[in-house]
Protein chains: 2
Amino acid sequence: MSIDVLQAKIRKLKTPIMVGLDPVAELIPPALLEASFQEKGCDLNGLAHAYLRFCTDLLDALKGVVPAVKVQSACFEALGHAGVAAMEEVLAYAAKLKYYVLLETMRTDVGHIAAVSAQSLFGGVQVGDRSFLPYPCDGIVLNGYLGSDGIKPYLPWLQGENPKNLFVVVKSSNRSSAEVQDLISGDRIIHTAMADLTLRWSTDLFGKCGYGEVGAVVGGLAPRAIQNLRKRYDTLFFLVPGYGAQGGVAKHASYAFDRFGHGAIVSASRSVIGAWKQEEYAGLNHQAAAVAAVEKMKRQLETYVTVL
Amino acid sequence: MSIDVLQAKIRKLKTPIMVGLDPVAELIPPALLEASFQEKGCDLNGLAHAYLRFCTDLLDALKGVVPAVKVQSACFEALGHAGVAAMEEVLAYAAKLKYYVLLETMRTDVGHIAAVSAQSLFGGVQVGDRSFLPYPCDGIVLNGYLGSDGIKPYLPWLQGENPKNLFVVVKSSNRSSAEVQDLISGDRIIHTAMADLTLRWSTDLFGKCGYGEVGAVVGGLAPRAIQNLRKRYDTLFFLVPGYGAQGGVAKHASYAFDRFGHGAIVSASRSVIGAWKQEEYAGLNHQAAAVAAVEKMKRQLETYVTVL
């Protein structure tokens, strides 16, 4: 099961950290950017090539340091087809380096459109007698607000050979997430209604580690929500974003873990990939700074969480 | 204002119909598919080229017949970068033919990632001293469940020169939409909480037609919800999907309009673009069948709605 693969990779490195690859021009070292423009042109192709080089550099540096990466599709899609081509290469490179690779598509479709996406992301697109998989990944992040019709098309691929998994946004990491997600309905908060659905979608799809193949995204800025959700849903694997740049802290993130330090992974993006711009890491290049930022985050988490 | 442009185009043709371009291989005539494979290869490039030709054929045929088209990004993105390149061409072609062009991105991001998408979709990506707009469109469809942080980054572009607009999913057209969207919270249904937010996001952004620049997607399979929402939100422009293939009917869709036949547009995808496969249109090619299917839909709607 895919969730077992993720949990095993975390246990091997004793590091429940996922690095988010969310490239934007401001986070790329000027020399790297300039070289890409020289090589491919000062346009979307050049910028996409810079994204590719920046991300593969980081993947090289973080190999054996973190078990998992999250690729933010919005950043690549923002550059049009050149960006998407770069994203395909980044995903393939991350898979080659044996990371657990999560693709943050953040799509919300239903019915036959969700089926089209599921086929492309997990099953492969059939053309003639060949099958093409443009976005190799181990799992994706989805928004389940539209209901089961948006999730069910993905479920067949959560088992069998080469299984995938899903993370559904239960409680997002932004300040205004309360506007809808924290409304009360009967004896439930809306985001727990989403957690209930997430658990239901996992039915019969549990890994040996005890967690379901459909995990939940639970924002690091909502410590109370993390605590309540962990208590109530002891079989949902949690992805906790918002660490670092967004203000999430180790203590709050630690609420997501069980007493073995399992069942959760904490993601950080800008604070790691843009570490080279921080005074703290002055003199280090983007690769060394990213590793140093992860090591620091690791020490912070270890104060509260020990992965057994 | 962009919503005025949409309303004016609808009034000009007296047809509140938007055709959804959701290409999938099964809906493309075999001869067209074969020709594309011959020209570009029997792979994702060939299939993407078939999508492009199929969509531009339909755009040619429907010019002057419908005022607006909706491009489903999931279908194109499913083919990887080749699909995205085809989508860029389809969007540009639709804009050239003067359609109102809605891009159904169905993304849900927040904060700086939403800002990245907004910049790309509406503002343009700055590289050196040039700006690139990979996805030319008049508006996009978003999921607002994550709260204002996911919508606000788009708002600056809803005014000024070349303004855009947004459609936020309030009540989706799928059967399981009730699982979260119809839960009761206090005196509100969750989807009305989303409608309240949608209205708030429109503040100070109203067109001369009286409708806000941030519209609402209200599924055609929920007639009661359409009626209630129209009564309660007389300034929200409604996009009603689910007509035709998904089972929505003219009478139910008509509840979305005001007494002048304004304030709403009904979208149909498969029932129009795949009309050539229906027995009813046997002998017609995909272009003629699509026009015939739209004319039929137009007559059905005219029984209940007259656009003044």
Among the residues of region A:120-132, write down those that are facing another protein chain (nearest Cβ under 9 Å) and either under 24 Å from A:Asp196 (Cβ atoms) or surrounded by fewer than 20 Cβ atoms within 10 Å (Cβ to Cβ) (or both).
A:Gln126, A:Gly128, A:Asp129, A:Arg130, A:Phe132
Quick one: count up the residues across region B:226-266 that are at pLDDT below 90 and part of a loop (DSSP other than H, G, I, E, B).
3
Scanning region A:98-118 for residues that are under 20 Å from the mean Cα position of the chain (by Cα) and part of a helix (DSSP H, G or I), the one farthest from B:Val71 (Cα to Cα) turns out to be A:Ala118
In region A:270-284, is there at least one residue being within 20 Å of A:Leu13 (Cβ to Cβ), of a type in the set (Lys, Arg) and either in contact (Cβ under 8 Å) with a residue 60 or more places away in the chain or touching a Gly at 6+ places or on another chain (Cβ under 6 Å) (or both)?
no
Restricting attention to region A:80-97, does a residue exist that is modelled with pLDDT of 95 or more, crowded, with 22+ Cβ neighbours inside 10 Å and part of a loop (DSSP other than H, G, I, E, B)?
yes
Kindly check whether there is at least one residue in region A:248-255 that is on the phi < 0 side of the Ramachandran plot, within 14 Å of chain B (Cβ to nearest Cβ) and not aromatic (Phe, Trp, Tyr).
yes
Could you check, for region A:106-113, whether at least one of its residues is at pLDDT below 95, more than 7 Å from chain B (Cβ to nearest Cβ) and closer than 27 Å to B:Cys42 by Cβ?
yes
Checking B:Leu44 against (1) among the hydrophobic types (A, V, I, L, M, F, W, C); (2) out of contact with any Cys (no Cβ under 7 Å at 6 or more places or on another chain); (3) surrounded by 24 or more Cβ atoms within 10 Å (Cβ to Cβ): exactly one of these is not met. Which one?
(3)
Within region B:151-202, the residues that are among the polar types (S, T, N, Q), free of Cβ contacts under 8 Å to residues at least 12 places away in the same chain and either more than 11 Å from every other protein chain (Cβ to nearest Cβ) or in a loop (DSSP other than H, G, I, E, B) (or both) are B:Asn162
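Scanning region A:68-84 for residues that are more than 10 Å from every other protein chain (Cβ to nearest Cβ) and under 25 Å from B:Leu103 (Cβ atoms), which turns out nearest to the chain's Cα centre (by Cα)? Spell out the reasoning first.
If we filter region A:68-84 for residues that are more than 10 Å from every other protein chain (Cβ to nearest Cβ), which is where we start, we get A:68-71.
Keeping just the survivors that are under 25 Å from B:Leu103 (Cβ atoms) gives A:70-71.
Details: A:Lys70: 4, A:Val71: 6 Å.
Step by step, filter region A:68-84, then rank; the result is A:Lys70.
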Taking first residues from region A:85-104 that are away from chain B (no Cβ under 14 Å) and second residues anywhere that are assigned to a helix (DSSP H, G or I) and basic (Lys, Arg), the pairs with Cβ under 9 Å that are 6 or more apart or on different chains are A:Lys98/A:Lys9; A:Tyr99/A:Lys9; A:Tyr100/A:Lys9
Within region B:133-150, which residues are more than 7 Å from chain A (Cβ to nearest Cβ) and over 18 Å from the mean Cα position of the chain (by Cα)?
B:Leu133, B:Gly150
Reported set for region B:42-62 where residues are in a loop (DSSP other than H, G, I, E, B) and either more than 9 Å from every other protein chain (Cβ to nearest Cβ) or hydrophobic (A, V, I, L, M, F, W, C) (or both) is B:Cys42
Single unsatisfied condition, A:Val65 versus (1) in a loop (DSSP other than H, G, I, E, B); (2) within 14 Å of another protein chain (Cβ to nearest Cβ)
(2)
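The values are calculated or read from the model by the stated rules, or taken from the named source; none is laboratory data. Bear in mind that the values here come from a model prediction, so they are computed numbers and not experimental data. Every residue, glycine among them, receives a Cβ derived from its backbone with ideal geometry; neighbour counts consider all protein chains shown.
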